[in-house]
Amino acid sequence: MGVLSLRQLPIFPLPLALLPGSLLPLHIFEERYKLMTERCLQADSAFGITYSENPPAAPPLGRVGTVAQIMAVIALEDGRKNLLTLGSIRYRTLSYLAMKPYLNAEVELFTDDEEENLDEDIARVRELYSRISSAMKEINGEALPALPDSPEELSFAVANALKMTDQTKQLLLELVSTRKRLQILYQNLQNSLPQYEHSAQLHKLAKTNGRGGYILRSEDNK
């Protein structure tokens, strides 16, 4: 694990896992979080989002969360706010410094371990991601976003494009091996690809009013 620094961070426990690079809209209405976000805005600082099975209870120490940067804010009545946040760097919670009016923790910011020879893992993931992107463009006219070059950032960009449970997202957050994360993502892409490509074939055939030929499926070969 590449430890970057220690810092204090207000924590917003939620029943979701925020991945780096993911946009998350939030409606802030509880008094404690109205206060927390107002202080963050005044100080031009961020807060942390940690997955919790039972918010607002404090997540267990050692759990990994993601720093949420405030990208936009719409002020509403009574101090309520609509925020647009962006997941940035990950942290591990070391200790809670305060529990009220909201959680404040000492956290350890970190990145993945340095690993060599990731080219093959990245190429396999890119190839399936590209095929799914092409299928989605056929289905709804919108391809998936281009992937970054950094292996760690690439892995989270792929994860953000996939439909996964928050438990799976949390598993990906906890990993400090880019290779292991890419291997999990490759399996998810493999599982998802047939459905996307079959749907793309159906959409393509529909555009021809049924005159585009016969769609071959695996059971047709039996």
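The values are calculated or read from the model by the stated rules, or taken from the named source; none is laboratory data. Only a predicted model underlies this, so the values are computations on that prediction, with no experimental measurement involved. Heads up, the Cβs are rebuilt from the backbone with ideal geometry, glycines too, and the neighbour counts pull from every protein chain shown.
Please enumerate the residues belonging to region 191-216 that are at pLDDT below 65 and either within 30 Å of residue 118 (Cβ to Cβ) or surrounded by 11 or more Cβ atoms within 10 Å (Cβ to Cβ) (or both).
212, 215, listed by residue number.
Starting from region 191-210, take each residue that is in contact (Cβ under 8 Å) with a residue 24 or more places away in the chain and list its partners that are surrounded by 15 or more Cβ atoms within 10 Å (Cβ to Cβ) and not in a helix (DSSP H, G or I), counting only C-beta distances under 8 angstrom and pairs at least six apart or across chains.
Partner pairs satisfying both residue conditions: 192/162.
Is at least one residue of region 81-88 in the same structural domain as residue 40 (by TED's automatic domain parsing) and hydroxyl-bearing (Ser, Thr, Tyr)?
Of the residues in region 81-88, the ones in the same structural domain as residue 40 (by TED's automatic domain parsing) are 81-88.
Still in the running and hydroxyl-bearing (Ser, Thr, Tyr): 85, 88.
Scanning region 81-88, I find at least one residue that is in the same structural domain as residue 40 (by TED's automatic domain parsing) and hydroxyl-bearing (Ser, Thr, Tyr), so the answer is yes.
If I go through region 31-62 residue by residue, how many of them are closer than 15 Å to residue 81 by Cα and free of Cβ contacts under 8 Å to residues at least 12 places away in the same chain?
1
Considering 142, 115, which residue is in contact with a helix residue (DSSP H, G or I) (Cβ under 8 Å, 6 or more places away or on another chain), assigned to a loop (DSSP other than H, G, I, E, B) and loosely packed, with under 13 Cβ neighbours inside 10 Å?
Details: 115 fails: loosely packed, with under 13 Cβ neighbours inside 10 Å.
The unique qualifying residue is 142.
Using the structure shown, decide if residue 129 is in the same structural domain as residue 194 (by TED's automatic domain parsing) and not small (Gly, Ala, Ser). Lay out the reasoning, then the answer.
Details: in the same structural domain as residue 194 (by TED's automatic domain parsing): yes; not small (Gly, Ala, Ser): yes.
Yes.
Select from region 150-174 the residues that are modelled with pLDDT under 95 and touching a helix residue (DSSP H, G or I) at 6+ places or on another chain (Cβ under 6 Å) and list them in ascending order.
162
Considering each residue of region 134-163, count those that are among the basic types (Lys, Arg) and over 14 Å from the mean Cα position of the chain (by Cα), and give that number.
Step one: filter region 134-163 for residues among the basic types (Lys, Arg), giving 137, 163.
Pick out the ones that are also over 14 Å from the mean Cα position of the chain (by Cα) and you get 137.
So the answer is 1.
Yes/no matrix, rows are residues, columns are (1) under 16 Å from residue 11 (Cβ atoms); (2) over 14 Å from the mean Cα position of the chain (by Cα); (3) not β-branched (Val, Ile, Thr):
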{"residue": "28", "(1), (2), (3)": "yes, yes, no"}
{"residue": "37", "(1), (2), (3)": "yes, yes, no"}
{"residue": "42", "(1), (2), (3)": "no, yes, yes"}
{"residue": "53", "(1), (2), (3)": "yes, yes, yes"}
{"residue": "64", "(1), (2), (3)": "yes, no, no"}
{"residue": "75", "(1), (2), (3)": "no, yes, yes"}
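Please determine whether any residue of region 175-190 is of a type in the set (Ser, Thr, Tyr), assigned to a helix (DSSP H, G or I), out of contact with any Gly (no Cβ under 8 Å at 6 or more places or on another chain) and at pLDDT 95 or above. Write out each step before concluding.
First pass over region 175-190, keeping only residues of a type in the set (Ser, Thr, Tyr): 177-178, 186.
Filter once more, so that each one left must be assigned to a helix (DSSP H, G or I): 178, 186.
Next cut, out of contact with any Gly (no Cβ under 8 Å at 6 or more places or on another chain) only: 178, 186.
Then drop every residue that is not at pLDDT 95 or above, which leaves 178, 186.
Checked against the condition, which is being of a type in the set (Ser, Thr, Tyr), assigned to a helix (DSSP H, G or I), out of contact with any Gly (no Cβ under 8 Å at 6 or more places or on another chain) and at pLDDT 95 or above, region 175-190 yields at least one hit.
Wholly within region 46-106, which strands (runs of 3 or more DSSP E) include no fewer than the required count, namely at least 3 residues that are β-branched (Val, Ile, Thr), surrounded by fewer than 21 Cβ atoms within 10 Å (Cβ to Cβ) and modelled with pLDDT of 95 or more?
It comes to 64-75.
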